[in-house]
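Contents: one structure, followed by commentary.
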Amino acid sequence: MTTPPVGIHDLSFATTHYALDHALLADRLGVDPNKFYLGIGQETMSVAAADEDIVTIAAAAAQPIIDRHGVDHIRTVLLATESGVDQSKSAGLYLHPLIGLPNTARVVELKQACYGGTAGLQFAAGLIARDPSQRVLVIATDIAKYELDTPGEPTQGAAAVAMLVSANPAILRLEPHSGLYSADIMDFWRPNYRTAALVDGKTSVNAYQKATQEAWTDYRRHGGRDLGEFAAFCYHQPFTRMAFKAHRHLLESQGFTADTAAIDAAIRHTTSYNRTVGNSYTASLYLGLVSLLDHADDLTDQPIAFISYGSGSVAEFFSGTLQPGYHDHLRTDANRSAVTTRVPLGYDRYRELHEARTPTDGRYHAIPEETTRPFRLAAISGHKRIYESR
Ligand code: COA
């Protein structure tokens, strides 16, 4: 029996109600805005309203997929996040009733910093190889939050990307080769008692570059393609300039000339959404793919490289090819509108939202309506999160 190809059958992205302009941040921090625009490659960042969290944006990303394909054959839901709302219960179960997921599915949350979405995608491919009649809904959803007035602050952001993974996929066929690299390193972490991550920024940039090179070496060792074969490189993008740095490092490590034009050609279309959404941790790499598909000319049958990095750290280099007719399955208008309809956020409200804390007393706390997105966190009562859809 031959195994059918497995990969991404549908792909959808959502982000938050608000956007903060980096010019406001630069003004308040007293730095040249070009440090953000050019130095780290960010223009605005998505910011969650008080009634949004990783569940509401995940539901908004997944709903269009359920609307188009229904829930038939979805036997597994894998939700990847590093900004979870519960230490025990999977966020996938909070969104289960919001988007009408079937009771006959296993629902699990995955965590390994920004790598979790790739773990979900690869685990999904394994499940489908075992039974090609099944589909897996993989959702990567995160709100990236660093302390105010720290170097990490301009690299915040938020987004969710939902992927329906299936046999005979309409958009992207995953290739079997994968390169892996894991090492225990304290470059970014968030102990259970903290709401904002801790990061050693320079260490993380160096660790990311080393992990990229090591994962590439392992990919080649396992029979992967030549570097020159790829039409584009989708990198995890904590800030978009990181994709540039990582690709330059990879090219140079393999003896290629890493001129700016060559690097731009390889990554340019993958950075458009991330530049305005900011870091979305687990979703960031897949937002890069959404951006590539929405902005590049026809890539039918072209191989695309994926470089996933999650601090701590795990990296994976893998590849896929775009399927004939993939264009017909994209959601370009909806994706552009998710970005352009965000409401500009004033600096004072940004700080209030950043400093707000979840009530811990178990009483009923209604959350005033703020977001105009399809799902919202309506209340917290008896330590339970209560969501509603519009
Ligand atoms: N115009 C243009 N570029 C400017 C500039 C200006 N006015 N001012 C500074 N820059 C450039 C710097 O030269 C530097 O470029 P380089 O990295 O190519 O050398 C870049 O902007 C960043 O400046 P730097 O002083 O290094 O920034 P920082 O100390 O504030 O920290 C990070 C940058 C990325 C380390 C920080 O934002 C961070 O910790 N982010 C979170 C961690 C993270 O995302 N890790 C990635 C791996 S997952």
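Odds and ends about this structure:
- Criterion: open to solvent by less than 10 Å² (accessible area, probe 1.4 Å), among the small types (G, A, S) and touching a Gly at 6+ places or on another chain (Cβ under 9 Å) - qualifying residue of S291, S280: S280
- Selected residue (criterion: farthest from the ligand (Cβ to nearest atom)) from residues of the stretch 33-52 that are under 16 Å from A19 (Cα atoms) and open to solvent by 10 Å² or more (accessible area, probe 1.4 Å): A50
- Long-range neighbours under 6 Å by Cβ, at least six apart or interchain, first residue within 7 Å of the ligand (Cβ to nearest atom) within the stretch 144-156, second among the hydroxyl-bearing types (S, T, Y): G152/Y146
- Extreme residue, nearest to L289 (Cα to Cα), among residues of the stretch 244-268 that are polar (S, T, N, Q) and open to solvent by 60 Å² or more (accessible area, probe 1.4 Å): T260
- Residue list for the stretch 224-240, restricted to those being basic (K, R) and surrounded by 20 or more Cβ atoms within 10 Å (Cβ to Cβ): none
- Residue pairs meeting the criteria (Cβ under 7 Å; at least 6 apart or on separate chains; first free of Cβ contacts under 8 Å to residues at least 24 places away in the same chain, in the stretch 367-382; second open to solvent by less than 40 Å² (accessible area, probe 1.4 Å)): A379/I367; G382/G362
- Selection of the stretch 365-390 for residues being surrounded by 12 or more Cβ atoms within 10 Å (Cβ to Cβ) and assigned to a loop (DSSP other than H, G, I, E, B) yields I367, E369, E370, T371, T372, R373, P374, H383.
- Among (1) in contact with a helix residue (DSSP H, G or I) (Cβ under 6 Å, 6 or more places away or on another chain); (2) open to solvent by 40 Å² or more (accessible area, probe 1.4 Å), the one test that F188 misses: (2)
- Apart from one condition, Y219 fits all of (1) touching a helix residue (DSSP H, G or I) at 6+ places or on another chain (Cβ under 8 Å); (2) open to solvent by less than 20 Å² (accessible area, probe 1.4 Å); (3) not basic (K, R); the exception is (1).
- Among the candidates A170, A144, A140, residue that is of a type in the set (G, A, S), more than 28 Å from A231 (Cα to Cα) and out of contact with any Pro (no Cβ under 6 Å at 6 or more places or on another chain): A144
- Of everything listed in (1) away from the ligand (no atom under 16 Å from the Cβ); (2) touching a His at 6+ places or on another chain (Cβ under 7 Å); (3) of a type in the set (A, V, I, L, M, F, W, C), the single unmet condition for L330 is (2).
- Among the residues making up the stretch 183-216, those that are of a type outside the set (A, V, I, L, M), within 30 Å of D53 (Cβ to Cβ) and near the ligand (Cβ under 9 Å from one of its atoms) are D187, F188, D200, G201, T203, S204, Y208.
- Test result for P132, within 11 Å of the ligand (Cβ to nearest atom) and surrounded by fewer than 22 Cβ atoms within 10 Å (Cβ to Cβ): no
- Residue within the stretch 263-277 that is more than 16 Å from the ligand (Cβ to nearest atom) and assigned to a loop (DSSP other than H, G, I, E, B) present: no
- The condition (being in contact with a Cys (Cβ under 9 Å, 6 or more places away or on another chain), open to solvent by 10 Å² or more (accessible area, probe 1.4 Å) and modelled with pLDDT of 95 or more) is satisfied by just one residue among S311, S272: S311.
- Restricting the first member to the stretch 201-215 and to residues that are under 17 Å from G39 (Cβ atoms) and open to solvent by less than 10 Å² (accessible area, probe 1.4 Å), and the second to residues that are in a helix (DSSP H, G or I) and within 11 Å of the ligand (Cβ to nearest atom), the beta-carbon pairs closer than 9 Å and six or more apart or on different chains are Y208/M242; Y208/K245; Y208/A246.
- Screening V85 against (1) among the aliphatic types (A, V, I, L, M); (2) open to solvent by less than 20 Å² (accessible area, probe 1.4 Å); (3) more than 23 Å from R331 (Cβ to Cβ); (4) not in a helix (DSSP H, G or I) leaves a single unmet condition, (2).
- Within the stretch 1-32, tally of residues that are in a strand (DSSP E or B) and within 16 Å of the ligand (Cβ to nearest atom): 1
- Spans of strands (runs of 3 or more DSSP E) in the stretch 122-216 with at least 1 residues charged (D, E, K, R) and closer than 27 Å to V77 by Cβ: 135-144, 172-182
- When D361, D328 are checked against the criterion of being among the acidic types (D, E) and under 30 Å from H69 (Cβ atoms), D328 stands alone in meeting it.
The values are calculated or read from the model by the stated rules, or taken from the named source; none is laboratory data. The structure presented is a predicted model; accordingly, all values stated were derived computationally and were not measured. Every residue, glycine among them, receives a Cβ derived from its backbone with ideal geometry; neighbour counts consider all protein chains shown. Protein only, heavy atoms only, side chains kept; ligands, DNA and RNA dropped before computing areas. Shrake-Rupley method; radii C 1.70, N 1.55, O 1.52, S 1.80 Å.
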